[in-house]
Amino acid sequence: MSGSLIVVERLVKRYGDHTILDDVNLDVKAGQVLVVIGPSGSGKSTLLRCLAALEPMQHGSIRIDGKLAAKGKEEADGEPDAASLRDLRQRIGMVFQQFNLFPHLTVLENITLAPRRVRGMTQAGADRLGIELLRKVGLEDKRDVYPERLSGGQQQRAAIARALAMQPKVMLFDEVTSALDPELVGEVLRTMRQLAEQGMTMLVVTHEMGFARDVADDVIFMDKGKIVERAAPEVIFEHPKEARTRAFLERLLDREGRRQ
Amino acid sequence: MNDFQFTRILVYLPDLLRGVGVTFQIGLVSASIGLVLGLVLALMKFSRHPLAYWPAYVYVEFFRTTPPLIQIVWLYYGLPLITGQDLGAFGAAAVALGLNVSAFYSEIYRAGLVGVHRTQWQASRVLGLSLSDTLRFVIVPQAVRNVLPPMGTTTIYLIKDTALASAIGTPELLRIGQLISVETFRPVETLTMVAILYFAVTYPVALFVDWLERRFKIART
C-alpha cells in the first residue's frame with residue numbers, strides 16, 4: 001500500500017456559532033478516487049474548500065505528502081511557512097460547480113495563465129501543454145474561443161484542463177455536474193473517468209451515484225459535518241452499516257426511481 | 001431682441017482658446033492625480049486593516065460631501081496660511097480638483113472590483129496565482145469594463161468643474177469669458193461661446209471613452 005497523500009486530522013470548521021465540519025478525519029492514498037456523498041449542508045463542499053485552502057479552519061490540520069499544509073486558527077503549535085505552503089497548494093487542483101473560467105481570456109489562455117505565471121513556463125511551452133490538455137478533454141478545436149461561446153459541458157471540461165495544467169497530485173471536484181443540463185453530464189463524467197483510469201488521486205463531491213458506484217475506490221457518506229461512514233461502493237450501496245446512510249440512499253434512490 | 005452680436009466676441013477667440021488650454025491642463029493634471037490616488041484609496045478601502053481602511057473612508061466621505069469650490073478656496077487661501085506653501089492659482093485648482101475627484105474615482109474603482117464575481121478570486125487562488133497576478137491578469141481586465149462608463153461621466157463632470165477655478169482667478173475658460181463679458185457687456189453671447197468651447201473639450205473625452213468601451217468589449221467575444 002502506498003503512503004498517504006492527504007491526511008486530515010480533527011478538522012473543525014465553524015461559521016460563527018454554526019459548526020460546518022465537526023472533527024473530520026480523512027486519509028487519502030495516492031491514486032485513490034474517493035466520492036463524497038451526503039445531504040446538502042452536510043459539509044461536503046466545505047471539506048473540499050478547506051483542502052484547497054479557500055476556507056480557514058478553527059481546529060485540526062491538513063497534511064499533504066506528510067507536510068503541514070493548513071492548520072486551525074485556534075491551534076497552538078507550528079505554522080507552515082509561506083513558501084512551502086504555495087508549493088503544497090500547487091499539488092491540489094480544484095474544479096467548481098460553476099466552472100469559474102476567466103471570461104475575458106480564450107480557452108487556451110485560461111489554461112496557460114497559471115503555468116506561465118506560477119510555474120514560470122514560457123509562452124510556447126505553456127501553449128504546447130495547453131493544446132495537449134485540450135486534446136485530452138476533447139476541446140482542441142476550441143482553443144481560441146471565449147468561454148461564453150461554449151456549452152456548460154465544454155466549459156467544465158476546459159476548467160478541468162485548466163486545473164490539470166498545474167500538474168496537481170490531487171484533483172478536487174465540487175459538484176461539477178450539478179449546474180449542467182442532463183444531456184451534458186455524460187461528457188464531463190467521461191473526462192473524469194479517464195482521469196481516474198490514468199491514476200489521478202481524486203476527491204469527488206457529487207450526486208451522480210452511477211459514477212460513485214463505477215469509479216470510486218471508497219464512498220464517504222457525510223452528514224451534519226461528520227463523516228458517518230466510509231466504505232467500498234458496493235458496501236455503501238448494498239449493505240450500509242449506518243442507519244443514516246441507509247435513510248439517505250433510500251430517499252435518493254426513491255427520488256431517482258420516480259424520475260424515471 | 002434679435003440683435004445677438006457674436007461677431008463682437010469672435011475677436012476675443014484667441015484669448016478664449018488660451019483659456020481652453022488652461023482648462024484642459026487643469027483637467028489633465030487633476031484627472032491624473034485622481035486616477036492614481038483614487039486607485040490607492042479604493043485598495044485601502046478593501047483592506048481589513050483599520051489604519052488603511054479608516055483614513056481612506058474619512059478622506060472619501062470628506063471630499064465627496066463638501067463643495068469643490070470651497071476645497072479650491074481652502075487650498076488657495078488656507079494652505080499658505082497654515083504651511084506657507086503657495087501653490088498658485090493653477091496649482092491650487094488642479095490639486096484641489098484632483099483630490100476631490102479621487103474620492104469619486106475611488107468609489108468607481110471599488111464598484112468595478114466588487115463587480116467581478118467572487119469566484120474569479122477563488123479560481124485564481126486555487127491555481128496558485130499571487131495577489132498581484134490575480135489583480136493584473138484576472139480582476140482588473142474584467143473590472144475595466146464595469147468601470148469605463150461611470151469613469152467617463154465623472155471625468156466630464158471634472159472638466160466642467162474646472163470652471164470653479166475662475167473663483168480664485170485662474171485664467172481658464174470661464175474666467176476669460178467673464179472678463180470678456182465685462183469688457184463687451186455681452187454676457188449671453190460670450191457665455192454661449194464659452195459653452196461651445198467646453199463642449200469642444202468634453203465631447204472628445206466622451207468619444208474616447210466610447211472607443212475604449214468598444215475596444216474592451218471586442219476583446220472578449
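The values are calculated or read from the model by the stated rules, or taken from the named source; none is laboratory data. Given the structure is predicted, the values throughout are model-derived calculations rather than measurements. Quick reminder, even Gly has a Cβ in these numbers, built from the backbone with ideal geometry, and neighbours come from all protein chains shown.
Quick one: count up the residues across segment B:36-59 that are in a helix (DSSP H, G or I) and surrounded by fewer than 17 Cβ atoms within 10 Å (Cβ to Cβ).
Going through segment B:36-59 one residue at a time, the tally reaches 12.
Might you check whether a residue that is surrounded by fewer than 18 Cβ atoms within 10 Å (Cβ to Cβ), within 25 Å of A:R10 (Cβ to Cβ) and either touching a strand residue (DSSP E or B) at 6+ places or on another chain (Cβ under 7 Å) or among the hydrophobic types (A, V, I, L, M, F, W, C) (or both) occurs anywhere in segment A:207-219?
yes
Name the single residue that is farthest from the other protein chains (Cβ to nearest Cβ) among those in segment A:94-138 being among the acidic types (D, E) and out of contact with any helix residue (DSSP H, G or I) (no Cβ under 8 Å at 6 or more places or on another chain).
So, considering only residues that are among the acidic types (D, E) and out of contact with any helix residue (DSSP H, G or I) (no Cβ under 8 Å at 6 or more places or on another chain), the one farthest from the other protein chains (Cβ to nearest Cβ) is A:E132.
How many of the residues making up segment A:113-133 are surrounded by fewer than 18 Cβ atoms within 10 Å (Cβ to Cβ) and closer than 17 Å to A:I92 by Cβ?
Residues flagged as surrounded by fewer than 18 Cβ atoms within 10 Å (Cβ to Cβ) and closer than 17 Å to A:I92 by Cβ within segment A:113-133 amount to 1.
Please name all residue pairs, on different chains or six or more residues apart, with Cβ atoms under 7 Å, provided the first residue is in segment B:123-142 and is more than 7 Å from every other protein chain (Cβ to nearest Cβ) and closer than 19 Å to B:A111 by Cα and the second residue is of a type in the set (A, V, I, L, M) and not in a loop (DSSP other than H, G, I, E, B).
B:I139/B:L113
Mind listing whichever residues of segment A:83-102 are farther than 13 Å from A:V118 by Cα and either in a strand (DSSP E or B) or touching a Gly at 6+ places or on another chain (Cβ under 7 Å) (or both)?
A:I92, A:G93, A:M94, A:V95
Might you let me know whether segment A:156-164 holds any residue that is free of Cβ contacts under 8 Å to residues at least 40 places away in the same chain and either out of contact with any helix residue (DSSP H, G or I) (no Cβ under 7 Å at 6 or more places or on another chain) or exposed (fewer than 15 other Cβ atoms within 10 Å of the Cβ) (or both)?
Within segment A:156-164, not a single residue is free of Cβ contacts under 8 Å to residues at least 40 places away in the same chain and either out of contact with any helix residue (DSSP H, G or I) (no Cβ under 7 Å at 6 or more places or on another chain) or exposed (fewer than 15 other Cβ atoms within 10 Å of the Cβ) (or both).
May I ask you to verify whether A:G78 is at pLDDT below 75, in contact with a Leu (Cβ under 7 Å, 6 or more places away or on another chain) and either of a type in the set (G, A, S) or assigned to a loop (DSSP other than H, G, I, E, B) (or both)?
yes
Restricting to helices (runs of 4 or more DSSP H) lying wholly in segment B:84-191: which have 2 or more residues that are of a type in the set (G, A, S) and within 30 Å of A:A158 (Cβ to Cβ)?
B:88-114, B:118-126
Would you mind telling me which numbered condition in (1) assigned to a strand (DSSP E or B); (2) over 26 Å from B:L131 (Cβ atoms); (3) of a type in the set (S, T, Y) A:S40 fails?
The number of the failed condition is (1).
Consider B:T170 against the criteria (1) away from chain A (no Cβ under 14 Å); (2) buried (at least 16 other Cβ atoms within 10 Å of the Cβ); (3) farther than 16 Å from B:L16 by Cβ; (4) not aromatic (F, W, Y): it satisfies all of them except one. Which criterion is unmet?
(3)
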